[in-house]
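Presented below is the structure to which this report refers.
Any read-out appearing in this document is the output of simple, stated calculations on the displayed coordinates, not a laboratory observation. The structure presented is a predicted model; accordingly, all values stated were derived computationally and were not measured. Virtual Cβ from ideal backbone geometry, glycine too; neighbours counted across all protein chains shown.
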Amino acid sequence: MTVLHLADAGEAADLAAFLARLIHYDKAAAVRLQAGGGVLAVFGRPPSFEVLAIRTARLAGDGSREAGSGTPDAGSGTPDAGHTAVDATVSAGELLDGIEESAGVVTVPAAVTGPPWTGLLPPRGGWQRVPGLPAPEALVRAVAGAVAEFRARDEALPPQHRTRSERDRIGREIWSRTLGDTHLPLRAAHAAQSLGFLRPVRAGALVGGGTSPGAADPTAAPQPRPLSLLSAGGWLRLSTPYGSIAVRTGGPEGLTGLSGLTVTPA
C-alpha cells in the first residue's frame, strides 16, 4: 500500500473537493494518478462534458512511501530509500476515502481496470501559450448565458419534440461553440466552472500545485498563476490556479498524447 504525504492540509482539502465533484457526476468514477518530482496529478473525465480534468497537488518532499516505511523528509525535495513512483488508475470514491485532510495524507487504493481514456492522456511537454482567451469573468458570463439559453430552448420545445436526442442536439450546438478568438469549446469553461476551477483565487492560497510557468522546484512555495490557454499535440488545455481542463482538437485517434501529461503544472 502506498501512502502519499501532501505539502499541507489545504492541498488535501482541495484534492478531496475535486474528487467529490467528480463523484457527483459519476458515482463509479475512476481517476488516473501520476506522482513524481514533488507533485501528484489526478486525471478525471466527468461524464457529459467530454473533457479531461486535471488536478495537481504538491507533495511533501518526494511525498511517497510504502506504508510502514516512515515519513519522508519534507525539506529535502529529493527521493530517498523509501521513494515510490505512482502511476495507477483507481476508484475516485476509494481515493477520496483514503484522504486524511488534517494530516495531509493520501492512501492510494488498489488499482482498477480503467476506462479507455485513462490510456490516452495529453502529451508531457511542448505546451505553448495560445492568445485570445477571454478574462475569467467573461468565461463565467459565457457559461451562465449558455445555461440560460439551453433552458429557454428546452422549455420552448413542443411536447412531442422534448426528447433526449433533441436535447442532446441543442446541447452539442451550444457547448461546441468556441470562446473568444480561440478554438476552445465552451464546454471546457462549463466543466471548469462546475469543478470549481474558475472560482476566485483566495489570498495566500497554495492552489493546485500552482507553480509559476517554468518553475524548477515544484516543492517551493507556489505563486497563483493566471488563467491561460495552452496547446500541444492536438490538445488544448485551459489552465487555472485550481486545475486544468484539456480537450482533444486534432490528430489521429489513438495516436496523439499516449505518453501522458507531466505532473508538473505548466
- Message: Just to verify a number: FRET efficiency for Glu100 and Ala156, C-beta to C-beta distance, R0 = 41 Å, to 0.05?
- Response: 0.25
- Query: Of the peptides 34-44, 3-13, how do they stack up when ordered by the mean number of other Cβ atoms within 10 Å, highest first?
  - Reply: 34-44, 3-13
- May I have the extent of the alpha carbons of segment 136-190 along their three principal axes, as whole Å values ordered from largest to smallest? 38, 18, 13
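For Leu120 and Ser176, calculate 0.36 nm times their separation in residues minus their Cα-Cα distance, and state this gained length in nm to one decimal. Let's see the in-between values first.
Values: separation 56, 0.36 × 56 = 20.16 nm, distance 2.14 nm.
Length difference between fully extended and current span is 18.0 nm.
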- Task: Between Met1 and Thr113, with labels modelled 7 Å along Cα→Cβ, what's the label distance in nm to one decimal, could you check?
- Result: 2.6 nm
- Item | Selected from Pro158, Ala188, Leu139, residue furthest toward positive end of dipole (segment 136-190; charges at beta carbon) | Pro158
- Query: Could you put Ser228, Ser48, Ser176, Ser244 in order, starting from the residue whose Cβ has the fewest other Cβ atoms within 10 Å?
  - Reply: Ser176, Ser48, Ser228, Ser244
